[in-house]
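Quick note: the coordinates plus some simple rules give every number you see, no bench work behind them. Here the structure is a predicted model, which is why all the values come from computation and not from measurement. Here the Cβ positions follow ideal geometry from the backbone for every residue, glycine too, while neighbour counts run over all protein chains shown.
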Amino acid sequence: MPGSIQRPNEDYLETPMKFKYEIPFQKNKGKLYRFFEILPGALTWTVLILPFVLAFTNVGLAAILMIAYLLIWFVKAVALALRSLQGFAIVEKHKKLDWQELIVDLDQEDVDHRRFPKWHYENKKRQADNPNGIYSKDIVHAVIVATWNEAREILKPTLDCVAESAYDDKDKNFIVLLAYEDRGGPEVEKQAKQLMSEYKNVFLISEATKHIDQPGEVIGKGGNITAAGRRLQEIVEKKGIDPKNVLVTTLDADNRPHKSYFAGLSYVYAVCHDPKYMSFQPIPMFTNNIWDAPAPMRVIATGNSYWMMVQGLRQHMLRNFSAHAQPLHALIETDFWSVRTIVEDGHQFWRSYFTFHGQHEVIPIFLPIYQDAVLADGYKRTLKAQFVQIRRWAWGASDIAYVAKYGYFTKNNISKIDVTFKFMRLLEGHLSWATAPLILLFGAIIPWIFNQSDFLANQLPQISSQLQTIAMMGILVTMFIAFKILPPKPERYKKHRTIWMVLQWILLPLTTLGYNASAAIYSQTRLMFGRYLGKFDVTEKAVKKDTGETVTSHS
């Protein structure tokens, strides 16, 4: 697809790894590393085959295990529905707060418990008792916007959102870098430079930075934003700015921060403990073009938004995803982002976790970063682009071997209990991603198909149906949230478009199986056989104008 570039071999050019916790080259992985690369795929296929094996060998055990599995997921479904409502309520509340006023009040001595939320005064007291060395007035926001071949109509709204943020003194406190690829050619370079010239009087620094492919890099976003990060380090040193006061947010071309995002981020950074050892994760909401995207993509986009609100409340499970922020002095110590993986966002958590000897966590910022639902030029291309995007996300299973290597088989001072809990959550998450939809939909009928005379086998589909009927009420919660986060309907669409926004949910089983589970199985199976994804398949982006005209990425 457009935007995809394949190298013949990920190790066609190798340079020595300077960073201690880098992903090893293929020839250096060894049998133990390969074992843990094989592990997620092997477990997935074992779980998928097991119901058939038990149906032939021990139907009673198969039924008991299936009932237990259904009950566990029934409880999970109820918990997820409640968590999503809680997360949505927090996001809505935080969107209404005046974060700029909260920042100003941090330096005030008043104790008026009526103007602001109670937690604000608790933060002030904790900060006064145990200052973290960060003062809101000193914070500089650095924004790295990564682009490959996206059209101006996609990039400019993102840059405008940064420029229009509800944050004082953007001309003194913002450094904005548009990171483009040299391999994009002269057209991409010309557009990047022209775009950033339009903001030269808006931000402290407005610059287009070029990334030239380096030996040993996987073609992807990691190399691009790392090159921009190193350029940022040069700018900060030249300006005499302390790197601990620079908060770096990475955005994709279509990522549009809520107007209060940077103010909210400044506030949290100023009051949190040990800010060097933290990443900050806003809530991705895939709603920019939700009215224009096909129905299957709308269902997937809404589900992703729903899931990210849930994850924001599960801090022990929270990892960097897409747009995220981290202080510059921490990025310098981690040698910025990995250039050896196509999932540099989620991998950055582990990279930081090992660099700082387990002293790292991700803090949720309950403010949205609005992103595009998948939309390409044409229906078939859109369907393919969606699968490719989820396949790339599912490649995060490659981190399982990385965590095992540096958590268990490399000398460190990290608690093995902590590593084990994190490792097991990572493994279980990818296993469930690949297997849960298939087991929940078809697991109960497998014993019945092969043992129709068995009482338990006959009862199992009925029990499954009853539990799933109750659990499906969670879809009503998803639908409620979907309509609450839905942007206004463009004038080019008639009222009946809203009806399709309701009817689209009959596609949920198909999208769950055809995209989420299938993409995870595909990625884990490729990893299992050593067929590495050595490229970052850029999701083709299209935008519809009010006239109905579709504008796509550069060819």
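Just a few scattered comments:
- Each of Met472, Met479, Met308 was scored by other Cβ atoms within 10 Å of its Cβ. Arranged with the fewest first, they read Met472, Met479, Met308.
- Placing unit charges on each Cβ (+1 for Lys and Arg, -1 for Asp and Glu) gives the range 116-184 a dipole about its Cα centre, and among Gly133, Pro157, Leu178 the Cα reaching farthest toward its positive end belongs to Gly133.
- Residue order, fewest to most surrounding Cβ atoms within 10 angstrom, among Ser197, Ser322: Ser197, Ser322
- Cα gyration tensor, the range 180-245 - rounded (a/c under 1.5), prolate or oblate: oblate
- Descending semi-axes in whole angstrom, ellipsoid equivalent of the range 18-156, from the Cα gyration tensor: 48, 29, 19
- Sequence-distant residues sharing a close amide H with Gly358 (under 5 Å, placed H): none
- Note, ³J(HN,Hα) from phi for the range 379-395, Karplus 6.51, -1.76, 1.60, rounded to Hz, x at Gly and Pro: 5, 5, 5, 5, 4, 5, 4, 5, 5, 4, 5, 5, 4, 5, 4, 5, 5
- Charge-dipole axis of the chain as Lys and Arg at +1 and Asp and Glu at -1 on Cβ define it, positive-most pick from Ala434, His273, Pro243: Ala434
- Karplus-based coupling profile of the range 222-233, in residue order and whole Hz: x, x, 5, 6, 5, 4, 5, x, 5, 5, 4, 4, with θ = phi - 60° in 6.51 cos²θ - 1.76 cosθ + 1.60 and x standing for Gly or Pro.
- Extension reserve of the Lys20-Glu101 stretch, reckoned as 0.36 nm per residue once the Cα distance is removed: 24.9 nm
- For Lys244, the lysines whose Cα comes closer than 18 Å to its Cα, not counting residues fewer than 8 places off in the same chain, are Lys137, Lys172, Lys276.
- Residues of the range 374-400 falling in the label zone of Thr550, defined by backbone nitrogen less than 11 Å from a point 7 Å along Cα to beta-carbon, are 375-383.
- Listed residue pairs exceeding 27 Å between alpha carbons, taken from Lys96/Lys125; Lys405/Lys535; Lys200/Lys484; Lys484/Lys544; Lys124/Lys484; Lys380/Lys535: Lys200/Lys484; Lys124/Lys484
- FRET efficiency for Asn130 and Gln459, using Cβ-Cβ distance with R0 set to 45 Å, rounded to 0.05: 0.15
- For the chain, the equivalent ellipsoid built from the Cα gyration tensor has semi-axes of 38, 28, 26 Å, listed from largest to smallest.
- Remark: Arg114, Arg492 ranked as Arg114, Arg492, counting other beta-carbon atoms within 10 Å and listing the fewest first.
- Residue-count net charge about Lys544 - beta-carbon cut-off 9 Å; Lys, Arg +1, Asp, Glu -1: -1
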